[in-house]
Amino acid sequence: MPNPIALAVPFFFLLMGVELWVARRKGLRLYRFADVLSCLGCGMTQQVLLVFEAAALTFGYVFLYQHRLMTLRAPWSWVLAFFYVDLVYYVWHRLSHRINLLWAVHAVHHQSEDYNLAVALRQAVLSVWTIWPLHLPLALLGVPPEVFLIVSALSTLYQFWIHTELVGKLGWFERVFNTPAQHRVHHAVNPRYLDKNYAATLCIWDRLFGTFEEEREEPVYGLVKPLGTFDPLHAQVFHFGDLWRRSRADGLRIWIRGPEWGYAAAPEASRAAQQKHAVRLSGKQLWWLSLNLLLATAGTTALMWNAAAWPFVAKATLAAFVLLTIGSFGAILERRPWLVPVEICRAAVLASGLLLF
């Protein structure tokens, strides 16, 4: 079965281009190159690793489906899958904001201080593993694997368009469905907005369980404690390192506490007072990073399209090249000292790939 996310990649970039064009027509600056590079780097890292994880993730579901308690036929399997996947996302999402161990994974998606369609692609490499156990009961209830995979992919794709500032409130639609206005609240660090609006597709769960908040004041995006780097690989592990350091003083309980535990209450936030992390790039650096972004995107897309067809060595070689390329993003953006070793390794992987294939 074709990967729906892989099929959608061209449309992701097309819609980001449309959003950028509309924003410029309106005199808005929604995109910053370094932040986009960081967001796409996080997303590509997740998708590259997922190529090698998909078999294990799928095996667990298929195994339980083979030992299912009942058999569901269409359309009921689709109906159950839709509501189950959507409710599970709400539960998982809420837990991911309330338990530090899960927050260390999910925080990657919230690190950007901008809000645009590129932020939708900023994903954590471990997120699929933290939600995976919650999906397994669906197999026992008799929902076929292909139904689950399609519904889950469609849920992910729905959430792409809600990451924009260009769409206002949508009237009656907001009574049932998640929208950009509602999700802007979720990404904001304004105290009244924290830990609100966990929905994927349906906002009814937020309304039922008391976590719904209307967008009223202007949202300020990012983390209460800003990340302070555009390095996409460092972004994936930063919060785990922070928890490890804190656990040496506070013990293992820090891993199951809420993210706010041990800190003062979140201060009031405004865009006027916000100081976003920024870097200066030369024209040559912009050109080089743009070229390598194209290479990483092409490599990631190729891996997603050919995950089932290519031999392991071919996939591993291309994956290593893409991950080293993403590592070079952070080295350039943050002036890291390991840029030269990364480039040497990248050249070696490229040369070995050309010799092998």
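Which of L101, L333, L30 moves the most in a Gaussian network model of the chain with Cα springs under 10 Å?
Judging by the Gaussian network model, the answer is L30.
Using a probe of 1.4 angstrom, how much of the accessible area of the range 187-342 is carbon and sulfur, in percent? Intermediate values should be presented prior to the final figure.
Working: 5230 of 8250 Å².
Summing carbon and sulfur atoms, their accessible area is 63 percent of the total for the range 187-342.
Take the alpha carbon atoms of the range 48-67, find their center, do the same for the range 118-140, and report the distance between the two centers in whole angstrom.
Here the answer is 12 Å between Cα centres.
Going toward the positive end of the dipole of the chain, with +1 on Lys and Arg Cβ and -1 on Asp and Glu Cβ, which of L286, G258, H183 do you reach last?
L286
Could you list the trypsin sites (Lys or Arg not before Pro) in the range 54-138 that lie in coil according to DSSP, counting only those with at most 12 other Cβ atoms within 10 Å of their Cβ?
Working: sites: R68, R73, R94, R98, R122; in loops: R68, R73, R122.
Here the trypsin sites (Lys or Arg not before Pro) that fit, given the DSSP loop and packing criteria, are R73.
Between the DSSP loop rule and a limit of at most 16 other Cβ atoms within 10 Å, which trypsin sites (Lys or Arg not before Pro) in the range 246-294 are left? Write out the running numbers ahead of the final one.
Numbers: sites: R246, R248, R253, R257, R271, K276, R280, K284; in loops: R257, R271, K276, R280.
Qualifying residues, ordered by number: R271, K276, R280.
Return the single residue from L102, L69, L323 with maximal mean-square fluctuation; model: Gaussian network over the chain, springs between Cα atoms under 10 Å.
Taking springs between Cα atoms under 10 Å, the residue moving most is L69.
Apply the membrane-span-like helix rule to the chain: whole DSSP H runs, Cα extent along the own long axis of at least 30 Å, mean Kyte-Doolittle hydropathy at least -0.5. List the helices found. Intermediate results must be reported in sequence, preceding the final value.
Details: long enough: 4-25 (31 Å, 1.41); 33-66 (47 Å, 1.22); 76-98 (33 Å, 0.37); 283-305 (33 Å, 0.72); 312-333 (31 Å, 1.96).
Helices meeting the span and hydropathy rule in the chain are 4-25, 33-66, 76-98, 283-305, 312-333.
Quick one: pull the percent of accessible area on the range 45-125 belonging to carbon and sulfur, 1.4 Å probe, ligands and nucleic acids left out. Don't jump to the answer; show the numbers that get you there.
Working: 2490 of 3440 Å².
Looking at the range 45-125 in its full context, I get 72 percent from C and S.
Which distance in Å, rounded to a whole number, links the C-alpha centroids of the range 162-213 and the range 223-286?
Each part's Cα centre sits 23 Å from the other's.
Based on DSSP H runs of at least 4 residues, each adding -39500 (n - 2.57), what is the mean residue ellipticity at 222 nm of the chain after dividing by all its residues, to the nearest 500 deg cm²/dmol?
Values: 13 runs with 214 residues, N = 357.
Calculated from helices alone, the mean residue ellipticity at 222 nm is -20000 deg cm²/dmol.
For the range 1-100, what does the accessible surface come to per residue with a 1.4 Å probe? Please give it in Å².
Working: 5440 Å² over 100 residues.
Ligands and nucleic acids excluded, the result is 54 Å² per residue.
What are the residues whose amide H is under 5 Å from the amide H of F177, where those residues sit 5 or more places off or on another chain and H is modelled from the backbone?
Answer set, sorted by chain and number: C203.
Against the globular-protein guess of 2.2 N^0.38 Å, express the Cα radius of gyration of the range 40-172 as a ratio, rounded to two decimals. All intermediate terms of the calculation are to be shown ahead of the outcome.
Working: Rg = 16.0 Å, N = 133, 2.2 N^0.38 = 14.1 Å.
After normalising by residue count via 2.2 N^0.38 Å, the value is 1.13.
At each listed q (0.19 Å⁻¹), what is the log10 of I(q)/I(0) that the Debye formula gives for the range 242-306 modelled as equal alpha-carbon point scatterers?
Taken in order of the listed q values, log10 I(q)/I(0) reads -0.81.
Treat each spin label as a single point 7 Å out from the Cα along the C-beta direction, and report the L354 to L101 distance in nm.
Inter-label distance under the simple model: 4.7 nm.
Hey, any idea what Rg/Rh is for the range 135-256, computing Rh the Kirkwood way over Cα pairs?
Expressed as Rg/Rh, it is 1.04.
How large is the Kirkwood hydrodynamic radius of the range 26-90, counting all unique pairs of alpha carbons, in Å? Don't skip to the answer; put the middle values down first.
On the way: mean 1/r = 0.0634 Å⁻¹.
It is 15.8 Å.
Identify the GluC sites (Glu not before Pro) of the range 139-208 meeting these criteria: DSSP loop state and at most 15 other C-beta atoms within 10 Å of the C-beta. Kindly include the intermediate steps, with their values, before the conclusion.
Values: sites: E146, E165, E174; in loops: E165.
Answer in residue order: no site qualifies.
Largest first and in whole Å, what are the equivalent-ellipsoid semi-axes of the chain based on the Cα gyration tensor, each being the root of 5 times an eigenvalue? Could you put the intermediate results ahead of the total?
Details: eigenvalues 181, 160, 90 Å².
Listed largest to smallest, the semi-axes of the chain are 30, 28, 21 Å.
Per residue, how much accessible area does the range 220-344 show when a 1.4 Å probe rolls over the protein heavy atoms, in square angstrom? Please report the intermediate quantities before stating the final value.
Working: 7090 Å² over 125 residues.
Accessible area per residue: 57 Å².
The values are calculated or read from the model by the stated rules, or taken from the named source; none is laboratory data. What you see is a predicted model, and the numbers here were worked out from it, not measured in a lab. Note that we place each Cβ from the backbone using ideal geometry, even for glycine, and neighbour counts take in every protein chain shown. For the accessible areas, the whole protein counts, side chains as well, though only heavy atoms, and no ligand, DNA or RNA atoms are used. Shrake-Rupley method; radii C 1.70, N 1.55, O 1.52, S 1.80 Å.
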